[in-house]
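Enquirer: Got a structure here, written out as structure tokens. Questions coming.
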Amino acid sequence: MIGVTVLGSTGSVGVSTLDVVSRHPERFRVVALTANENAERLAEQCRRHRPLYAAMANRGSAARLGDLLRGMEGRPEILAGVEGLEQVAALPETQYVMAAIVGAAGLRPTLAAARSGKRVLLANKESLVMAGALFMRAVAEHGAELLPIDSEHNAVFQCLPADFGAGLQQVGVERILLTASGGPFRDWTRERLASVTPEQACAHPVWSMGRKISVDSATLMNKGLEVIEACWLFGASPDRIQVVVHPQSVIHSLVQYRDGSVLAQLGNPDMRTPIAHALAWPERLESGVAALDLVGIGRLEFQDPDPVRFPCLDLAYQAARAGQSAPAVLNAANEVAVDAFLARRIAFLGIARLVDRTLQALPLEPVAGKDLDGLIDIDQRARESAEQLLRRGVI
Ligand code: NAD
Ligand code: MG
């Protein structure tokens with residue numbers, strides 16, 4: 001029996017993970033579930049999946065969860081705060097940790113899973129963008145297994161040979177092609193983009209996801225974060241990664257080899273496929289995803305992304321090339337910008353402007369040798385700088 005902790009179990013990826021896990025009760029046991037504030041949803045999940053532990057980021061919510069589960073037979077032990085999240089990521093009863101918290105808040109618990117040598121199923125791309133070197137070192141030093149959940153990276157992983165860790169050149173890889181749906185505003189003019197509302201940005205045409213990643217998909221910052229994520233996961237330089245807009249989202253990504261071969265992974269756009277892949281690897285498990293109907297789909301189209309209407313992708317490439325503190329600053333400024341957009345403090349096009357201004361405002365700092373606190377300090381200062389720009393009303 002494999003013990004599984006799901007960090008962020010009440011979110012979109014968390015719910016899909018529990019769906020796949022519960023299809024295989026002979027193979028997996030849910031050891032711990034976690035959420036930010038939604039005690040009601042976590043209580044329901046506890047009743048259904050009967051974990052040994054439940055953790056909430058916030059103490060008040062943890063107390064509420066305790067009330068909701070009062071009298072439950074086999075009630076889970078309830079933990080609170082970031083320490084509680086770290087603790088359930090490192091439990092001896094757990095072998096696999098699904099890292100599906102959104103944003104920089106996921107870094108500490110995801111790192112705790114890596115440091116305790118777990119199989120880490122990584123959905124939380126922001127932790128790699130913010131602390132790639134530290135995270136990859138923790139994985140290597142503690143013998144953790146890192147399996148990508150982001151559909152593009154999971155696709156690339158499936159298209160690479162098992163020994164890709166020797167170096168992409170070594171195994172004959174020329175390029176990684178990351179596909180992008182293009183988001184809900186793929187064909188919109190810049191004039192129309194100026195008045196996009198949070199509701200419109202959160203209604204993704206293909207994927208049903210949390211609000212933050214939905215906005216990131218609409219600005220193409222999600223693809224930018226994924227370029228940086230791919231650099232770390234596959235040891236690639238940004239110039240070997242090309243983004244291709246593919247509206248049908250059937251090809252999840254591709255790997256181009258020296259001899260002209262291009263390998264792709266295809267499937268219906270449903271996160272349960274990469275989740276089942278990472279849970280079963282190197283085997284295969286039934287995921288609940290319907291079989292792909294290529295004739296029904298009919299056409300697969302491809303375009304270049306437009307850097308004028310969607311400047312966030314280029315900002316991310318620039319940060320990836322600059323390295324050092326730039327990706328962490330990009331990520332922090334983007335989180336502030338997305339929150340401000342969702343709170344209607346700035347317009348949709350203001351997201352890219354705020355990220356750009358924050359990157360310009362802060363000098364590049366070396367990150368080699370920085371520990372977790374050093375990286376969190378960079379993140380905090382970038383947030384403050386972005387907030388200051390917002391307050392000055394220059395966005
Ligand atoms: P979501 O908003 O639906 O869920 C986020 C989860 O994190 C929830 O369980 C929430 O309670 C928890 N959480 C939020 N803030 C927290 C905090 N401060 N402390 C502790 N827990 C907190 O998000 P999602 O769409 O499931 O995405 C999760 C992660 O997976 C993101 O990093 C996203 O980029 C990545 N991802 C998602 C998808 C997708 O299809 N949804 C695809 C690829 C990658
Ligand atoms: Mg993705």
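The values are calculated or read from the model by the stated rules, or taken from the named source; none is laboratory data. Just so you know, these numbers come straight off a predicted model, no measurement behind them. A quick note on method: Cβ atoms are made from the backbone with ideal geometry, for glycine too, and the neighbour counts reach across all protein chains shown. Just the protein is used for accessible areas: all its heavy atoms, side chains included, with ligands, DNA and RNA removed. Shrake-Rupley method; radii C 1.70, N 1.55, O 1.52, S 1.80 Å.
Enquirer: Give a quick list of trypsin sites (Lys or Arg not before Pro) in segment 299-331 that DSSP marks as loop, anything other than H, G, I, E or B, with at most 15 other Cβ atoms within 10 Å. Spell out each step's value before the answer.
Expert: On the way: sites: R299, R309, R321; in loops: R299, R309.
Sites meeting the loop and neighbour criteria: R299.
Enquirer: By average Cβ neighbour count within 10 Å, what is the ranking of 362-368, 60-66 from highest down?
Expert: Numbers: 362-368: 13.1, 60-66: 17.6.
Averaged packing, sorted descending, gives the order 60-66, 362-368.
Enquirer: Tally up the carbon and sulfur contribution to the accessible surface of segment 212-363 as a whole percent, 1.4 Å probe, everything protein left in place.
Expert: Its accessible area is 53 percent carbon and sulfur atoms.
Enquirer: A follow-up question, please. When the chain is fully extended, how far beyond the present Cα-Cα distance does V262 get from Q380, taking 0.36 nm per residue of separation?
Expert: On the way: separation 118, 0.36 × 118 = 42.48 nm, distance 4.13 nm.
Result for the pair: 38.4 nm of gain on full extension.
Enquirer: Could you tally up the Lys pairs in the chain with alpha carbons closer than 22 Å? Skip any pair fewer than 8 positions apart unless they're on separate chains. Could you put the intermediate results ahead of the total?
Expert: Values: K125/K212; K125/K223; K125/K370; K212/K223.
Number of lysine pairs found: 4.
Enquirer: Within segment 235-260, name every residue whose backbone N is under 11 Å away from a label modeled 7 Å from Cα of R321 along the Cβ vector.
Expert: Answer for this model: 238-239.
Enquirer: Tell me the mean residue ellipticity at 222 nm calculated for the chain from its helices only (DSSP H runs of n ≥ 4, each -39500 (n - 2.57), averaged over every residue, nearest 500). The partial results should precede the final answer.
Expert: Working: 17 runs with 180 residues, N = 395.
Theoretical 222 nm ellipticity from helices: -13500 deg cm²/dmol.
Enquirer: Whole angstrom only: what separates the Cα centroid of segment 89-125 from the Cα centroid of segment 282-310?
Expert: When both Cα centres are located, 27 Å separates them.
Enquirer: State the antiparallel share, in %, of DSSP beta bridges confined to the chain, rounding to the nearest 5. Before the final figure, lay out each step's value.
Expert: Numbers: 11 of 41 bridges.
Looking only at bridges with both residues in the chain, the antiparallel portion is about 25 percent.
Enquirer: Further, regarding this structure: Go through segment 76-88 residue by residue and turn each phi into a ³J(HN,Hα) via Karplus (6.51, -1.76, 1.60, θ = phi - 60°); whole Hz please, and just put x for glycine and proline.
Expert: Values per residue, Gly and Pro as x: x, 6, 9, 10, 9, x, 5, 5, x, 5, 5, 4, 6 Hz.
Enquirer: If you don't mind, another one. For the chain, what is the accessible area per residue in Å² when the probe is 1.4 Å? Can you show the working numbers first?
Expert: Numbers: 16330 Å² over 395 residues.
Averaged over the residues of the chain, the accessible area is 41 Å².
Enquirer: With the Cα gyration tensor of segment 226-286 giving a ≥ b ≥ c as the square roots of its eigenvalues, does the rule (a/c under 1.5 for rounded; else a/b larger than b/c for prolate; else oblate) give rounded, prolate or oblate?
Expert: prolate
Enquirer: Using amide H atoms built in the peptide plane, which far-off residues or other-chain residues are under 5 Å from L79 H to H?
Expert: Correct list: A54, A55, M56.
Enquirer: Pull up all non-local amide H partners of G3: gap of 5 or more, or a different chain, and H-to-H distance under 5 Å with H placed in the peptide plane.
Expert: Amide H neighbours of G3, under 5 Å, 5+ apart: R29, Q95, Y96.
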